[in-house]
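The values are calculated or read from the model by the stated rules, or taken from the named source; none is laboratory data. Please read all numbers here as calculations on a predicted model, not as lab measurements. Glycine also receives a Cβ, built like all others from the backbone with ideal geometry; neighbour counts cover every protein chain displayed.
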Amino acid sequence: MKITDISTHPLGNYVLVEVFTDEGVIGIGAVDSHYPMVKSVIDPAGEHGLLAKLLIGEDPREVERLWAKMEQSTFWYGRGGGITHAMSGIDIALWDILGKSTGLPVAALLGGCRRRLVKPYASITANNIDALQKKVQRAIELGFKAIKIGWGALGVDFEQTIKWVKTAREIAGPDVDIMVDFGCSGSGRAISVSAARKVIRAIAEYQLSWIEEPLTPDDINGFAELRQSVDVPISGGEVFVNLRDFKLLFEKRAVDIVQPDVCKAGGLTELKRIAFFANLENIFCVPHSWSTAICIAASIHLVASIPNGKYVEFQIENPLNTDLLVEPFEIKDGYIEAPTKPGLGIELSA
């Protein structure tokens, strides 16, 4: 089997990647990044279409060798950033091809399916408490047993943060996992260690599963200091793009939970490595999967295959999560069953 072509298509604010073979097997992947940039890195017709030129004629089933070839051959164009984003989509598609050609689900190929059920958490954002109430209630109605509330006043307004978290817990009840995202990975949101510590201690009574991105991503020493001074688990890492970045978090013991994005941090090949090193440090791995159903599917396979996984993120207001697949993900008793069909086990609706 040989790769014959690689194509990219805009998918809302994201990118669909398709890898074609001479045996008619097609792999799909996705990138959480800017389409023109990803296209210029991949597209064989482009002046700088690096990645497709490297892979056409190769056996797509040699996934990890091809990942290394892409990284080593693009060294002079920068390690990380847009190159790694684009590699992520291709890598996911290659794992999809390997699964389809062997008749196995990707989770089995990543080392074996350790868990049949993965717990999705509804990832919601709100600008005011009325919207928050409606969205939390909607998540409960959809069958979610875990909900993450994010951004808005959370973290940046002490009193409102307490009010929002209390409201979410009252609506969800005691048996639903609640997470809180301060959103400091976003532009313009910055909280000091002391301010974050104060508000986290104030909301700890609401039995929170974790506090996400409580500080700006590069403040790794601040993360480590904060983590040592609060009783709620701290998570982060959604903006980092390869294992080299994540090793800094691990070495500093800066987080309890690491959140790499399979569609930007190097694909399944690199996320498997990130999860492995996280597990050595007793750090939980919860992939960031905000973008598309393809990202969710890949994340489910990863979480199903690693020892330090349980959750997958699910943005309930995104049609690229809810309407993109012929058979949408089904939540039963608060869980999604890991796909058992070959490859990613999904089919796009259009």
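For segment 105-126, the condition of being crowded, with 24+ Cβ neighbours inside 10 Å and free of Cβ contacts under 8 Å to residues at least 60 places away in the same chain holds for none of the residues.
Can you find, within segment 219-246, the residue that is surrounded by the most Cβ atoms within 10 Å (Cβ to Cβ) among those that are among the charged types (D, E, K, R) and at pLDDT below 95? Filtering segment 219-246 for residues that are among the charged types (D, E, K, R) and at pLDDT below 95, the one surrounded by the most Cβ atoms within 10 Å (Cβ to Cβ) comes out as ASP245. Whether a residue is buried (at least 22 other Cβ atoms within 10 Å of the Cβ), aliphatic (A, V, I, L, M) and outside the structural domain of ARG227 (by TED's automatic domain parsing) was assessed, and LEU94 passes this test.
Which of the residues spanning segment 164-215 are more than 12 Å from ILE147 (Cβ to Cβ), aliphatic (A, V, I, L, M), out of contact with any Cys (no Cβ under 8 Å at 6 or more places or on another chain) and not in a helix (DSSP H, G or I)? ILE211 - this is the single residue of segment 164-215 that is more than 12 Å from ILE147 (Cβ to Cβ), aliphatic (A, V, I, L, M), out of contact with any Cys (no Cβ under 8 Å at 6 or more places or on another chain) and not in a helix (DSSP H, G or I).
Among the residues of segment 246-261, those that are acidic (Asp, Glu) and either part of a loop (DSSP other than H, G, I, E, B) or within 15 Å of GLU281 (Cβ to Cβ) (or both) comprise GLU251, ASP256.
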